[in-house]
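We did not get these values from a lab; they are worked out from the coordinates using the rules stated. Just so it is clear, the model here is predicted, and its values are computed rather than measured. Ideal geometry is used to build each Cβ from the backbone, glycine not excepted, and the neighbour counts take in all protein chains shown.
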Amino acid sequence: MRLVISLLMFLVTGICSLNSQPINFGDSTVVSLITCEPGNALYAKFGHTAIRIRDTKGLDLVYNYGVFDFRTEHFYWKFMRGHTDYILGVYPTENFLEEYKERNSTVWEQELNMTRDEKKRLIELLNINYLPENRMYRYNFAFDNCATRPYEMINKAFVGVVVVDQKGGEDSFRSMITDYLADNPWAELGINLLFGLDADRNVNKQTSVFLPEYLKNVLQSSKVINLSNGKKERGVVKNLHMLIQSKPANEKKTAWFFHPFTISLIWLILGIVLMLSKKNMDDINNKIFDFLLYLITGLGGLLLFFFMFFSEHPLTGKNLNILWLNPMNLMLALMIWKRSPRKFLFFFNVIYLCLIILCFAVTLFYTHSAVVSFIPLQLLLFVRVLWREERLLHILFIPTDKGLQWR
């Protein structure tokens, strides 16, 4: 459970003290977007975004849409359901930057190319958002988060049309997210298991801003066109500079022995060795092995079922992995110890084998290529189920002149 929660909590920051007083700035206001590059911790893998506003009066604050409260009643259960409420926090930039300095994250600042009226409008929008009745919002890691909210406010503040440069190939949600998890194969595996078909659709540049670094790149190449002023163009970003430079650090890589592909390959080898050495499927060793195999895949299927039908998290619906990580495997894990349901197992196995083949074919040729770690486990399930089906065929049927008949 803790692993799943960690996988979903991508864009998380700490608790900050909030006050309800409106914040006013002077005429010399500088407005910028702060982008924090990914850190080493899993919850920091995707970086963070905030809006910075400062002036010569000494005010220097960040507006941070990534604040949440762990003390919320049933917090973890609500996060699993997708019912987590995040808060707009406002606090000194110095405190914000210190946190990312400790995380050893590079921090960039993009000064926005805004007129005085546009800056004033942005500050008004942020202050309205910061009112006690408005500062809380329902967090959605792909469509409404700490990066999309600042982008929305900046778009509303500009007078004119913000035009996004659409050059470059489109990526899918899955590929964009898993790129950040390349050094954490277990997290990458978990995400690919939880994501459904919606994660494989192409994402345009404007939708890609849910990731802070993508938002930074989109704004850097975007322009504002003022339709009422001769269609004059200007860049959204006035200048870009680095606030914090990360220090070189040794990357921690998962040892090959603990890689998910290696673990699933070991399971496959053990399963085949048992089949060759203990040819009786009712042997206690085979029963224990298949009991564990069905139990683990059944629990995995139960988790997928929950995210598909009882969670509001995006991208987890229409999940084909449930075809092989089947919740009904929990029932098979119990039935394996009894002789009476063998007829049911025979027909169920026929369907299950077809589902495994279908899932493998579709995920390999239609959706994504990140199934390497799944292959040994899928193959193990297929081989073990096929082997049990062959044994059940001999137990339940007898050959006659008219074909196979039930015993």
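Extension gain, Ile284-Asp183: 0.36 nm per intervening residue step, less the Cα-Cα distance, totals 32.4 nm.
Using the Cβ-Cβ distance between Ser221 and Val273 with R0 set to 45 Å, the FRET efficiency from 1/(1 + (r/R0)^6) comes to roughly 0.20. In plain terms, the residue of Cys359, Cys354, Cys146 with the fewest other Cβ atoms within 10 Å comes first and the most crowded comes last, giving Cys354, Cys359, Cys146. Report the percentage of all Cα-Cα pairs in segment 216-292 whose separation exceeds 18 Å, rounded to a whole percent. That fraction is 71 percent. Could you name the lysines whose alpha carbon sits less than 22 Å from that of Lys247, not counting residues in the same chain fewer than 8 places away? Lys247 reaches Lys45, Lys101, Lys216. Remark: the chain carries a charge dipole of roughly 960 debye about the Cα centre, counting +1 on each Lys and Arg Cβ and -1 on each Asp and Glu Cβ. One equal scatterer on each Cα of the chain, no solvent, Debye formula: the resulting log10 I(q)/I(0) at q = 0.14 Å⁻¹ is -1.22.
Using only Cα atoms, what Kirkwood radius does segment 256-406 have, in angstroms?
When all Cα pairs of segment 256-406 are included, the Kirkwood radius is 16.6 Å.
The peptide list 35-42, 295-302, 127-134, 257-264, put in order of mean Cβ contacts within 10 Å with the highest first, becomes 35-42, 295-302, 257-264, 127-134.
With R₀ fixed at 30 Å, the C-beta to C-beta distance from Trp406 to Phe309 puts the FRET efficiency at about 0.20. Around the Cα centre of segment 256-406, unit charges on the Cβ atoms of Lys, Arg, Asp and Glu (plus for the first two, minus for the last two) sum to a dipole of about 360 debye.
Spin-label model, Trp337 to Lys238: label points 7 Å out along the Cα-to-beta-carbon direction sit 7.2 nm apart.
Measuring r between the beta carbons of Asn104 and Thr56 and using R0 = 22 Å, the FRET efficiency lands at 0.10. Modelled label positions at Thr72 and Phe143, each set 7 Å beyond Cα in the direction of Cβ, lie 1.8 nm from each other. Close Lys pairs in segment 256-406 (alpha-carbon distance under 18 Å; sequence gap of 8 or more, or different chains): 4.
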